[in-house]
Each structure stands twice: as C-alpha cells, then as structure tokens.
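Taking it in order: structure first as structure tokens, then the write-up.
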Amino acid sequence: MSIDKKLVEETLATIRPRLQADGGDIALKEIQEDGTVLVELQGACRGCPMAGLTMASQVECVLKENVPGVTKVVNASAM
C-alpha cells in the first residue's frame, strides 16, 4: 500500500504547533514501503529526554489514526 505523502505532511502540520511551542519542530525524512515513516525531531526536541514519549504519544498515534498504511514512526535523529 502506498502512503499519501501529502496527507503525512498535512498531519505533521497539525502536530507541529505543539512542538514549536516548546522550541522544537519535526520534518518528514522518508516513507518506507512497509509503512514506516521516518521523521526528524528538530530544535529543542532533538535532544530532549522526552523525545521518545513525544514520538509514541503524539506523532505515531496521530499519524496512525489519520494516515492509512502507517505502521510505525521512527525518529531518524536517533538512528
């Protein structure tokens, strides 16, 4: 199943204000064939000890709910 990149970007745009309020941001890096979405946390979010929780509770949850085919979200900065 091909994931709609535009829909991923639009969904990330809904998350972005919450991250920017804390001095961070997020960028889409890649969408893989298996449904994995690679994103990069930026700014204050990049080295934040809560980044893992942010990925699980906000980014991954919201993308899975709103974008058909997303199976998981990975922080490319942590790879």
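Electrostatic tally near LEU28: other residues with Cβ closer than 14 Å to its Cβ, Lys and Arg +1, Asp and Glu -1, net -3.
Spatially, the range 35-78 and the range 3-19 are offset by 11 Å when compared through their Cα centroids. With contacts taken as Cα pairs under 8 Å at a separation of at least 6 residues, the chain carries a relative contact order of 35 percent. In this structure, the amide hydrogen of VAL73, modeled 1.01 Å from its nitrogen in the peptide plane, lies closer than 5 angstrom to those of VAL37, counting only residues at least 5 positions away or on a different chain.
Using the Cα centre of the chain as the reference point, and only Cβ charges (+1 on K/R, -1 on D/E), how large is the resulting charge dipole? Debye, rounded to the nearest 20.
140
Within the accessible surface of the chain, defined with a 1.4 Å probe on protein heavy atoms only, the carbon and sulfur portion equals 52 percent. Considering only beta bridges that DSSP places wholly inside the chain, some 65 percent are antiparallel. Of the residues ASP34, ASP22, the one with the largest accessible area comes first in the ranking ASP22, ASP34, computed with a 1.4 Å probe on protein heavy atoms.
Only lysines eight or more places from LYS72 in sequence, or on another chain, were considered; those with a Cα closer than 16 Å are LYS5, LYS29, LYS64.
The values are calculated or read from the model by the stated rules, or taken from the named source; none is laboratory data. What you are looking at is a predicted structure, and each value in this text was computed from that prediction instead of being measured. Cβ sites come from the backbone with ideal geometry, for glycine too, and all protein chains shown count toward neighbours. Only protein heavy atoms, including side chains, enter the accessible area calculation; ligands, DNA and RNA are left aside. Shrake-Rupley method; radii C 1.70, N 1.55, O 1.52, S 1.80 Å.
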